[in-house]
Amino acid sequence: MKQKLIAGNWKMNGSLAANEVLLQGVQQGLAQALNGKQAQVAVCVPVAYLSQVQQLVKGSGIEVGAQDVSAQEQGAYTGETSAAMLKDFAVRYCLVGHSERRQYHGETDEHVAAKAQRALSSGITPIVCVGETLAERDAGKTEEVVKRQLAAVIHTNGHCISEIVVAYEPVWAIGTGKTASPEEAQAVHAVLRAQLHAATEHADRVQILYGGSMNAANAAQLLSQPDIDGGLIGGAALKSADFLTIIAAAAR
Ligand code: 13P
């Protein structure tokens with residue numbers, strides 16, 4: 001059985017001191033949360049803390065992720081971080097196309113696809129984020145929007161597409177405390193799975209995560225859906241007890 005992946009997205013939070021406390025808490029409780037079962041665990045941290053976090057999680061089984069990557073390979077791109085640089089810090093995952101990047105930094109579907117391609121070519125697994133806004137959902141466009149966002153990545157990345165992770169994050173559920181119901185989330189995950197099936201014979205091994213106000217109280221129900229293969233966790237990943245409860249709910 002495919003393991004579930006629980007990835008924390010710290011967003012622009014943390015400090016040297018706070019990161020240490022948080023990761024110590026997670027590591028101390030990890031074996032108990034897994035309870036002899038298995039789940040993959042990652043933390044996607046601000047780039048400034050990659051070195052620190054790489055050291056802190058060494059030997060714990062927790063993987064390191066980044067929150068963004070440049071679409072360029074190298075050169076005169078002030079402020080950007082290349083995939084090769086991330087690789088220097090043993091980064092295993094990189095978020096691409098998070099709705100906050102799409103919204104505040106104008107990232108287009110094509111830009112996101114190029115970032116996914118850079119990650120893949122450096123051996124980093126891109127976690128491709130898709131999701132509709134409330135206006136799009138109300139207009140009945142959820143399926144159209146998420147399929148368009150994923151199609152750009154499939155189109156650009158061709159045969160590598162089974163190597164990605166997908167995260168469905170309805171924008172209206174992010175940081176709002178409003179979560180998609182397990183049935184609503186599953187319905188969109190099934191659409192994404194079907195789209196992956198049309199693109200690759202290995203669609204079943206692609207993990208499709210749900211993100212958007214997943215927390216200690218609702219994780220188990222969301223994670224019990226057939227096409228929900230894990231979670232991308234914002235706020236609840238900043239509290240070790242909550243993050244551990246979600247990991248426990250994912251362990252199989
Ligand atoms: P919250 O869990 O805080 O809603 O954030 C979700 C998210 O954006 C993870 O990438």
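The values are calculated or read from the model by the stated rules, or taken from the named source; none is laboratory data. What you are looking at is a predicted structure, and each value in this text was computed from that prediction instead of being measured. Counting neighbours? That spans all protein chains shown, and the Cβs are built from the backbone with ideal geometry, glycine included. For accessibility, only protein heavy atoms count, side chains too; no ligands or nucleic acids. Shrake-Rupley method; radii C 1.70, N 1.55, O 1.52, S 1.80 Å.
Name the residue, out of 47, 53, 21, that is open to solvent by less than 70 Å² (accessible area, probe 1.4 Å) and closer than 26 Å to residue 247 by Cα.
Answer to the check: 53.
For residues that are more than 15 Å from the chain's Cα centre (by Cα) and touching a residue at least 24 places away in the same chain (Cβ under 8 Å), scanning just the range 155-172, find the one that is farthest from residue 121 (Cα to Cα).
Filtering the range 155-172 for residues that are more than 15 Å from the chain's Cα centre (by Cα) and touching a residue at least 24 places away in the same chain (Cβ under 8 Å), the one farthest from residue 121 (Cα to Cα) comes out as 172.
Hey, can you tell me all the residues within the range 131-155 that are within 12 Å of residue 98 (Cα to Cα) and part of a loop (DSSP other than H, G, I, E, B)?
Listed by number, the residues that qualify are 131, 132.
Of the residues 103, 72, which single one is out of contact with any helix residue (DSSP H, G or I) (no Cβ under 6 Å at 6 or more places or on another chain), within 30 Å of residue 171 (Cβ to Cβ), touching a residue at least 60 places away in the same chain (Cβ under 8 Å) and not aromatic (Phe, Trp, Tyr)?
After applying the criteria, what remains is 103.
State whether the residues of the range 235-251 include one that is free of Cβ contacts under 8 Å to residues at least 12 places away in the same chain, farther than 16 Å from residue 9 by Cβ and surrounded by fewer than 19 Cβ atoms within 10 Å (Cβ to Cβ).
Scanning the range 235-251 turns up no residue that is free of Cβ contacts under 8 Å to residues at least 12 places away in the same chain, farther than 16 Å from residue 9 by Cβ and surrounded by fewer than 19 Cβ atoms within 10 Å (Cβ to Cβ).
Mind checking which residues of the range 156-176 are in a helix (DSSP H, G or I), in contact with an Asp or Glu (Cβ under 9 Å, 6 or more places away or on another chain), farther than 14 Å from residue 99 by Cβ and open to solvent by less than 40 Å² (accessible area, probe 1.4 Å)?
157, 162
Looking at the range 183-192, can you tell me whether even one residue there is charged (D, E, K, R) and part of a loop (DSSP other than H, G, I, E, B)?
Checked against the condition, which is being charged (D, E, K, R) and part of a loop (DSSP other than H, G, I, E, B), the range 183-192 yields no hits at all.
Filter the range 131-154 down to the residues that are free of Cβ contacts under 8 Å to residues at least 40 places away in the same chain and hydrophobic (A, V, I, L, M, F, W, C) and list them by number.
Across the range 131-154, the qualifying residues are 134, 135, 139, 145.
Could you run through the range 161-176 and say how many residues are near the ligand (Cβ under 8 Å from one of its atoms) and farther than 24 Å from residue 118 by Cβ?
Applying the first criterion (near the ligand (Cβ under 8 Å from one of its atoms)) to the range 161-176 yields 167, 169, 173-176.
Then drop every residue that is not farther than 24 Å from residue 118 by Cβ, which leaves 173-176.
Matching residues across the range 161-176 total 4.
Open to solvent by 20 Å² or more (accessible area, probe 1.4 Å), within 14 Å of the chain's Cα centre (by Cα) and farther than 20 Å from residue 92 by Cα, is that true of residue 228?
Details: open to solvent by 20 Å² or more (accessible area, probe 1.4 Å): no; within 14 Å of the chain's Cα centre (by Cα): yes; farther than 20 Å from residue 92 by Cα: yes.
It is false that residue 228 is open to solvent by 20 Å² or more (accessible area, probe 1.4 Å), within 14 Å of the chain's Cα centre (by Cα) and farther than 20 Å from residue 92 by Cα.
Do any helices (runs of 4 or more DSSP H) lying entirely in the range 59-130 carry at least 2 residues that are within 16 Å of the ligand (Cβ to nearest atom) and open to solvent by 70 Å² or more (accessible area, probe 1.4 Å), and which ones are they?
Ranges flagged: 99-105.
Could you check residue 250 against (1) in contact with a Lys or Arg (Cβ under 6 Å, 6 or more places away or on another chain); (2) within 16 Å of the ligand (Cβ to nearest atom); (3) under 28 Å from residue 110 (Cα atoms) and say which number it fails?
Against the list (1) in contact with a Lys or Arg (Cβ under 6 Å, 6 or more places away or on another chain); (2) within 16 Å of the ligand (Cβ to nearest atom); (3) under 28 Å from residue 110 (Cα atoms), residue 250 comes up short only on (3).
Within the range 177-196, can you find the residues that are within 16 Å of the ligand (Cβ to nearest atom) and either of a type in the set (Gly, Ala, Ser) or surrounded by fewer than 21 Cβ atoms within 10 Å (Cβ to Cβ) (or both)?
Of everything in the range 177-196, those that are within 16 Å of the ligand (Cβ to nearest atom) and either of a type in the set (Gly, Ala, Ser) or surrounded by fewer than 21 Cβ atoms within 10 Å (Cβ to Cβ) (or both) turn out to be 177, 178, 180, 181, 182, 184, 185.
Taking the range 197-242 as the region of interest, how many residues are more than 11 Å from the ligand (Cβ to nearest atom) and not in a loop (DSSP other than H, G, I, E, B)?
Of the residues in the range 197-242, 14 are more than 11 Å from the ligand (Cβ to nearest atom) and not in a loop (DSSP other than H, G, I, E, B).
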